[in-house]
1. Among B:Q141, B:Q149, which is the only one that is more than 9 Å from chain A (Cβ to nearest Cβ) and farther than 15 Å from B:L106 by Cβ?
2. I'm trying to understand the selection: among the residues of the range B:91-105, which are surrounded by fewer than 24 Cβ atoms within 10 Å (Cβ to Cβ) and assigned to a loop (DSSP other than H, G, I, E, B)?
3. Which one of these does B:E117 not meet: (1) open to solvent by less than 10 Å² (accessible area, probe 1.4 Å); (2) out of contact with any Ser or Thr (no Cβ under 7 Å at 6 or more places or on another chain)?
4. Taking the condition at pLDDT below 95 and either open to solvent by less than 80 Å² (accessible area, probe 1.4 Å) or farther than 16 Å from A:G153 by Cα (or both), does A:G30 pass?
5. When the range A:112-135 is examined, which residues are found to be touching a residue at least 24 places away in the same chain (Cβ under 8 Å), farther than 19 Å from B:A178 by Cβ and among the hydrophobic types (A, V, I, L, M, F, W, C)?
6. Considering the range A:1-38 alone, what residues qualify as being of a type in the set (F, W, Y) and in a loop (DSSP other than H, G, I, E, B)?
7. Identify, by number, the condition in (1) open to solvent by less than 40 Å² (accessible area, probe 1.4 Å); (2) free of Cβ contacts under 8 Å to residues at least 24 places away in the same chain; (3) over 25 Å from A:G114 (Cβ atoms) that A:V12 doesn't meet.
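The values are calculated or read from the model by the stated rules, or taken from the named source; none is laboratory data. This one's a predicted model, so the numbers in the text were calculated from it and none came from an experiment. Cβ placement follows ideal geometry from the backbone for every residue including glycine, while neighbour counts extend to all protein chains displayed. Protein only, heavy atoms only, side chains kept; ligands, DNA and RNA dropped before computing areas. Shrake-Rupley method; radii C 1.70, N 1.55, O 1.52, S 1.80 Å.
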Protein chains: 2
Amino acid sequence: MAHRLVSRAFPVFGFDVNPDAGRRLVAAGGRAAATPAQAVEGAMRLIIVVANSVQAEQVLFGTDGAAEALTNGSAVMLCSTVPPDFVRTLAERLGAKGIALLDAPLSGGTVRAGNGELTVMASGAPETFAIFEDVLGTVAQTVYRLGEQPGQGSTFKMINQLLAGVHIAAASEAMAFAARNGLDTGKVFEVIANSAGASWMFCNRVPHMLAGDYTPHSALEIFVKDLGIVLDEGHRLRFPLPLSAAAHQLFLMGSAAGFGGDDDASVVRVFEQIAGVKVQSDSTSDT
Amino acid sequence: MAHRLVSRAFPVFGFDVNPDAGRRLVAAGGRAAATPAQAVEGAMRLIIVVANSVQAEQVLFGTDGAAEALTNGSAVMLCSTVPPDFVRTLAERLGAKGIALLDAPLSGGTVRAGNGELTVMASGAPETFAIFEDVLGTVAQTVYRLGEQPGQGSTFKMINQLLAGVHIAAASEAMAFAARNGLDTGKVFEVIANSAGASWMFCNRVPHMLAGDYTPHSALEIFVKDLGIVLDEGHRLRFPLPLSAAAHQLFLMGSAAGFGGDDDASVVRVFEQIAGVKVQSDSTSDT
């Protein structure tokens, strides 16, 4: 996202715990800061794209955090998938300092980010949307405006992740069971992708399984986290979520088996290891 | 299917345990038989469209069953979703009498059947496909030829039903949880249907939930049966299926709550009753 903004002439001061990211940003024409606080010196807008709520907390309120350096009237756009309740509390804490919050979880991954083709499920006050309008128009293809309260965007994202996670786990279970039944898994993909059993995730992730390619387009640990958020919120609200719970256990099995940093389609490898089957298809392994 | 075939000038002798079905077929130009055996007298082809393997067994081998009346060289097309292992055994039993079997489970429901727009996931010997070629061309829009062994078509259908059933249950869990979180459920449908959380079943069944319309386009009991087949086969093959098992329990809850004859989207009513939430959307209740 930073590179996309730099390429469209936005002045970008970046901070990342990985110094390589800072060097790449400088090479692309941005500037690298040594701390979150330094990155926002004199800025009225901060965009946070981190892995989870602990990191978001640290960026804002940790040592040399950004919140101290941000001034009254500035605004923060939080793009991470975090618990909706964290976002609501964060909006209050920032609001007490006169800092507005746009709740703006993303969908799309690094390639689409670089092309300005992200989807954003956002909520916040109309004036906060206005502050980030040019940024959103540059990084996103689709911006859903889902309410005026921070937390609503994250709740929509949570529901999306519930379904996405269950569908990846279901695709894994189904493809491994198809292999156990001796079916041609490439043919199974072709038939199901055009039938009532299809899902967006089935069509997107099963090709990774057929190719046996677990390069992390989206790492398995992300769903360990995101279904964890779903289940924590369900617990908090006393709402039963049996499918989410079963899917979360499958992602935890994948993480336990050492696939946490690999593509989330690796859930199928849990079934492959347990049952001694092979989903990879020779006829499609070169795609 | 019988009406579709009659409308295309096929001579159809029908048998149904419901005499009304026979009368409607006669009114449409077909003929009604008093028993399965009578229906196949002098016929070389039998098409069976029943709810489960018990009924298929009865049609063929029960009192006045069709198998006794069928002659050497005839062929049976079995369109029901039944256990693949039942189909393999059936092929042997019929084969011993010189009767060929086309394993041809359907997808699509009564409206698409009437329009000749079904999808068929079929397997069988090429010569058996040839025997039913004109029939398949009349009732189906898409015919997948999935192998030469009866049982292979049913195995593909089983994998499809695993995914379809899990996706309906997941859509129910997600929509009810969205309602519990106070989201506008109509908006949730609109956003998710265009996001990575989408599935064919989500897009097809959630509108029934939003409208609160549980007219059975496909009855909930069908998935009690079909996920039951999935789990029985998993048990037989010693293959763990945690998501299918969780989804099956949700369909059983729906059946226990009295929704077995209603649309399968009724799984959402289990969550609505348990948690006291409402997924039906006023803004879309008139669609």
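1. B:Q149
2. Across the range B:91-105, the qualifying residues are B:A96, B:K97, B:G98, B:I99.
3. Against the list (1) open to solvent by less than 10 Å² (accessible area, probe 1.4 Å); (2) out of contact with any Ser or Thr (no Cβ under 7 Å at 6 or more places or on another chain), B:E117 comes up short only on (1).
4. Spelling it out, it is not the case that A:G30 is at pLDDT below 95 and either open to solvent by less than 80 Å² (accessible area, probe 1.4 Å) or farther than 16 Å from A:G153 by Cα (or both).
5. Listed by number, the residues that qualify are A:A113, A:L118, A:A125, A:F129, A:I131, A:F132, A:V135.
6. Listed by number, the residues that qualify are A:F10, A:F15.
7. (3)
Matching residues to (1) open to solvent by less than 10 Å² (accessible area, probe 1.4 Å); (2) in a loop (DSSP other than H, G, I, E, B); (3) under 15 Å from A:N160 (Cβ atoms):
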| site | (1), (2), (3) |
| --- | --- |
| B:Y144 | no, no, no |
| B:P150 | no, yes, no |
| B:T155 | yes, no, no |
| B:G186 | no, no, no |
| B:I192 | yes, no, yes |
| B:R205 | no, no, no |
| B:H208 | no, no, no |
| B:T215 | no, yes, no |
